[in-house]
1. Which of the lysines could be linked to K592 by a straight reach, that is with a Cα gap under 21 Å, when you skip same-chain ones fewer than 8 residues away?
2. Which FRET efficiency value, to the nearest 0.05, do you get for A600 and D92 by plugging their Cβ-Cβ distance into 1/(1 + (r/R0)^6) with R0 = 25 Å?
3. When only Cα pairs under 8 Å and 6 or more residues apart are kept, what is the percent relative contact order across the stretch 467-550?
4. Separation of the stretch 541-581 and the stretch 367-405 by C-alpha centroid, Å?
5. Given the Cα-Cα distance of V471 and A347 and 0.36 nm per residue of separation, how much length would full extension add, in nm?
6. What residues have an amide H closer than 5 Å to that of G503, excluding those fewer than 5 places away on the same chain, when H is modeled at 1.01 Å from N in the peptide plane?
7. Which whole-Hz ³J(HN,Hα) couplings does the stretch 185-199 yield from phi under the Karplus relation 6.51 cos²θ - 1.76 cosθ + 1.60, θ = phi - 60°, glycine and proline marked x?
8. Sort 55-66, 489-500 for me by packing, meaning the mean count of neighbouring Cβ atoms within 10 Å per residue, highest on top.
Amino acid sequence: MKHTIVVFAGAALVTACTPSLPSAAPGDQPTAAQSTGRATVVPTDGPAMPLIVDWQPEQRGDLEELVHDGIVVVAFDAKGFRLLKGCSVPGDYGFVGMSMKTQVIRLESQQEVAANLPLAGVGIAGKIGGELESGTTLDIAMAMIGKKRTTWKEVAREDLQGGSACEGATHFVRGMTVGAFAMKTGSKQKASAAVEIFGIGASGGTASSKGVDNSDGKLAACDGADPDGEGPPKQCAALIRLEIEPITATRTAVAAEPSANDKPDVASNDVAGCPRGMVQTDGKCTLPQPSKPHVCAPGDAADCRAQCDKGNAPSCNVLGVMIMHGKAGGPPDASKARTLFDKACAAGLQGGCANASVLGNGQGPSGPASPRGLEDACRAGETQACSALGFRYRQGIGVARDPSQALKYYTKGCNGGDQVACTNLSVLYSGSGGIPRDDKRALDLAMRACFGGVSTSCGNAGLRYEFGMGVPADMKRAATFFDRACKMSKADCFRLGILHQEGQGVSKDDDKAKELFDASCKSGRSSLSGVACYVNEKIYRTPPGKVDASSMRQVVDTMQGQCDQRVARACSFLGVAKLALAEKPAGFAALKKGCDMKDAWACDLGKRLR
């Protein structure tokens, strides 16, 4: 199983030419709603990461309320940027902390203001447009201490909940940067540090006669934030930037089936989309300058190489991800990718360090691939580094095996939106690795991973509804999750086949069961596909599929601990794996144990496989 690659292509936020800007009454800063009504915005059909530091208190309050109710859905079109109240996607946002990072973004033209502040930027530019042309700037100081993220990578129209309230929906909010900010007018002749801009806000001063300013949170509160904390400090919890992804017409993402042994993959995060004709430089969208490197657009290998050669670390990282996945005009090449990640890391980009560590073997006391290097990248908010640490503590790679440490870092990875980390975390809470069984947590995590596109986790969530683990038993709900898993990946169709074999939650239909077992067996994409092959051959007399010893041993390794902690279906899978390994007494004993725990399928297999 590989992680979904998170790279952001260019997205059109406003027209490439400078828009016609309305004037504002002297002394009256336009509200976000007023500005949106007048904005000239090119409809966006790709990902984007708009700043929201220009939002008025009522809009920020609306967003924070929606965040508590599910995954936020928005409309981003020619009418502007609008939150859609009453429309949402099931799920929630996890919080992952990081070491505080400060940044000052300086907007120097009407075009930059409108491009980087798509909600009210046009109105602000209309207010101070004349001053911008004569040397005034709009300076935004940010203190970033964490992110809120969902595991959803793709939302289709069928996933939206809210009926008519969802009319016009174009994007969902995948993540949010959390911290504090202060926005003030400044001067091109004088560069201001973040602490100075925050200080102006605290003193109530202003750098412009028109008084364009906005702030939320305290720098001192952010400075005391704990990267390992479960949430942000009270006065450092402002939402600064959104990460939005387009809603698709139909669900297209298909994920393979990860197990507790799956490795994290390289990723390129936080590359902001910009309007056509603009590029990302110094954290903002601006017109390209030949003498100044910019962040390349993922997919543009030629520009990524050119910008990397000029010293732009994010471009080196993006190019490395493309090369690693064979999307740069050649086959996948881990060696070339690692060289690029090392270059990005040496330039101070923790995302590059995280990717270098994912490709490394985790040996040695120092360097990006070492446990210390991973820890630094994880504390900087690089999710794949947290997941890599969880994987290494789970497997004992470069560190001593430690399930509690694996739990810690998988949790950070899951909260950072890594659906595979959520999957592995759910497995641990199911009774693996010596972690005490916690059915409710295991179910919640399985559902988060399922929404993120992991078919195995959809199956695991269905299993818990089937047996009433952490939730009241509900066979129809179980069948719904099993059907979702099967549609995402043929390898997980055997779960729905079990229900048809036993007539639980669906019609009893051996022909349908055989069809589903056969589809799972032929996929060969998970260790449990081997279970489907064995059952299909022995019960339905189909030609044998691939049942290799290594995959069956993997099933034994994963299911033994869960069976010991009385997970009935785990005992059933364990029994089949033991039989496939020619360990008949142990196999039938495990099936009997599953049967004794009310797994009707185990009882049936115990009779049919004799």
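What follows draws every value from the coordinates through simple rules; no lab data is involved. Predicted model only: the values in this text are computed from it and were never measured. Positions of Cβ are generated from backbone atoms using ideal geometry, with glycine treated the same way; all protein chains shown enter the neighbour counts.
1. K538, K578, K584, K607
2. Once rounded, the FRET efficiency stands at 0.15.
3. Relative contact order of the stretch 467-550: 20 percent.
4. Cα centroid of the stretch 541-581 versus Cα centroid of the stretch 367-405: 29 Å apart.
5. Here the answer is 39.7 nm.
6. D509
7. 7, x, 9, 4, 6, 9, 7, 10, 7, 4, 4, 5, 5, 4, x
8. Going from most to least packed, we get 489-500, 55-66.
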